[in-house]
Amino acid sequence: MDVSRVSSAAAVSPAPHSPGVSREEAAQRRDLIRAAATINDKQAVGSNNELVFRLDPTSHKAIMQVIDRETKEVVMQLPPEYVIHLAKSYGD
């Protein structure tokens, strides 16, 4: 699973200026990156956790995860993995 950590200098993969990405979507990705960086800087998800976003390669939808910085364990994910698999099985 490809997980892109969001920090002040990081970007959601693929980059906001990827070919085929509309200006509106690129702007939304930049806003998401800034918001996540602020949340991580303020330790709003805990001092030992980090907010991470990744794009599902099939649906191209954002998946939010809270990762334990020490163990790299996924503490929470939205939507949950089973919902992603269920949606894929129905062709979404």
Requested in this report: List the number of the failed condition for Met1; all other conditions in (1) closer than 28 Å to Gly91 by Cα; (2) modelled with pLDDT of 85 or more hold.
Outcome: (2)
Query raised in the report: Which residue pairs have Cβ atoms under 7 Å apart, sit 6 or more places apart or on different chains, and have a first residue in segment 30-45 that is free of Cβ contacts under 8 Å to residues at least 40 places away in the same chain and a second that is of a type in the set (D, E, K, R) and surrounded by 12 or more Cβ atoms within 10 Å (Cβ to Cβ)?
Result: Asn40/Glu50
Query - Residue match in segment 49-67 (condition: basic (Lys, Arg), surrounded by 14 or more Cβ atoms within 10 Å (Cβ to Cβ) and modelled with pLDDT under 90) - result: yes
Query raised in the report: Within the bounds of segment 9-31, is there any residue that is at pLDDT below 90 and at positive phi?
Result: yes
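The values are calculated or read from the model by the stated rules, or taken from the named source; none is laboratory data. Since the structure is predicted, the reported quantities are computational estimates derived from the model, not experimental observations. Positions of Cβ are backbone-derived with ideal geometry, glycine not excepted, and every protein chain shown enters the neighbour counts.
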